[in-house]
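Engineer: Questions regarding the structure given below will be posed in turn.
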Amino acid sequence: MTTLTLAACQYKIDLIETWEDYVLHLTGLVHQAVERGAKLVLLPEYAGLVLAGQLDPQTRSDLHGSIAGIQPLIPAWVKLCEELARTHPIVFQPGSAPVLDPDGQYRNRAFLFGPDGLIGHQDKIIMTRFEREQWGIAAGRDGLTAFDTPLGKLGILICYDNEFPMLAHGLAEQGVDLILAPSCTDTLAGAYRVRIGAQARALENQIAVLASPTAGTAPWSPALDENRGRAALYVPSDYGMPPNGIYAESESDTVEESHWLITEIDLDMVRRLRTEGQVATRRDWPEQFGV
């Protein structure tokens, strides 16, 4: 299968105060995407922090207390996401969450699920200044993984990681045709940095990049109070593709409620650009190091 129906969410960080309501929220949201034909469903970076709404007001309003407080909820969240992927069946990347590792460090982790359950996870490799200097989130230690899924080989680059060329190039070298780019940015400048990076990675590697951002305001959350960004699918600017490289994109950079971008693409068309395109950026990549 090369023609895929993809769903990327502009995700509102709603205050959801009970586990039961959260289950209804996530189940309903995924069902909306599946009803519209989605076989791959993507939520943004730190979507898992919506779990902090279940903490008491004092804890959830504390930057460090909120991530410590959600740790007992992470196993149930992972199980719920796995059940949703099995039930529909879909490839499901439910965004990321800060997860406490045995070494005592929190890492920004994105789990990936398929119809047969948990496929694996990808940690964010390079931390932003906020994560590094204020929040105490540690960098991933296990490198980048190319995940084999029923829909093909996928990679995950979380937000800031899309701004570093060698990360995407490494995934391309592992045979990835689609990169999932969950993101969370609080300014338009941040949103554009991720967008420009994701578009450049699609161009350089002649692959597709699917982006899902947080959007709208969440005054109850000290980490995710302001959010800007558009869900989008980026492709190389070449034969059969939009000249600007934007295959599909949300209408606005902010939302009042979570909104799905649904689009369909034939990845074989993207692959053919590597041999039949106007340019051959992937083939010519090594030549830049000989100058």
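The values are calculated or read from the model by the stated rules, or taken from the named source; none is laboratory data. Given the structure is predicted, the values throughout are model-derived calculations rather than measurements. Neighbour counts run over all protein chains shown; Cβ positions are idealised from the backbone, glycine included. These area figures cover heavy atoms from the full protein model, side chains too; ligands, DNA and RNA do not enter into them. Shrake-Rupley method; radii C 1.70, N 1.55, O 1.52, S 1.80 Å.
Engineer: In segment 92-204, with Lys and Arg counted as +1 and Asp and Glu as -1 at Cβ, which of these residues, Leu151, Ile179, Gly114, has the Cα nearest the positive end of the dipole, that is, farthest along it?
Structural biologist: Ile179
Engineer: What is the dipole size for segment 2-279, taken about its Cα centre, with +1 at each Lys and Arg Cβ and -1 at each Asp and Glu Cβ, in debye to the nearest 20?
Structural biologist: Details: 21 positive and 36 negative charges, 103 e Å.
Approximately 500 debye in magnitude.
Engineer: Okay, moving on. Work out the FRET efficiency for Trp19 and His64 from their Cβ-Cβ distance, taking R0 = 30 Å, and round it to the nearest 0.05. The partial results should precede the final answer.
Structural biologist: On the way: r = 22 Å, r/R0 = 0.74.
According to the calculation, E is roughly 0.85.
Engineer: Then there is this: Go from 0 up to the bin containing the longest alpha carbon distance in the chain, width 10 Å each, and give me the % of pairs per bin.
Structural biologist: 7, 31, 37, 19, 5, 1
Engineer: If only Cα atoms are counted, what is the Rg of segment 193-278, and what is its Dmax, in Å?
Structural biologist: 15.0, 51
Engineer: Rolling a 1.4 angstrom probe over the protein chains, ignoring ligands and nucleic acids, what is the accessible area of Val34 in square angstrom, nearest 10?
Structural biologist: Surface open to solvent at Val34 totals about 40 Å².
Engineer: Eigenvalues of the Cα gyration tensor times 5, then square-rooted: what semi-axes does that give for segment 108-173, in whole angstrom, largest first? Before the final figure, lay out each step's value.
Structural biologist: On the way: eigenvalues 108, 43, 13 Å².
Rounded to whole Å, the semi-axes are 23, 15, 8.
Engineer: Can you send over the carbon and sulfur percentage of the accessible area for the chain, probe radius 1.4 Å, protein chains only? All intermediate terms of the calculation are to be shown ahead of the outcome.
Structural biologist: Details: 6250 of 12220 Å².
So the carbon and sulfur contribution to the accessible surface is 51 percent.
Engineer: May I pose another question? By accessible area of protein heavy atoms, probe 1.4 Å, what ranking do Glu226, Glu163 get, highest first?
Structural biologist: Order by accessible area, largest first: Glu226, Glu163.
Engineer: Add -39500 (n - 2.57) for each DSSP H run of 4 or more in the chain, then divide by its residues: what number comes out at 222 nm, to the nearest 500 deg cm²/dmol? Numbers along the way, then the final one.
Structural biologist: Working: 8 runs with 83 residues, N = 291.
It lands at -8500 deg cm²/dmol.
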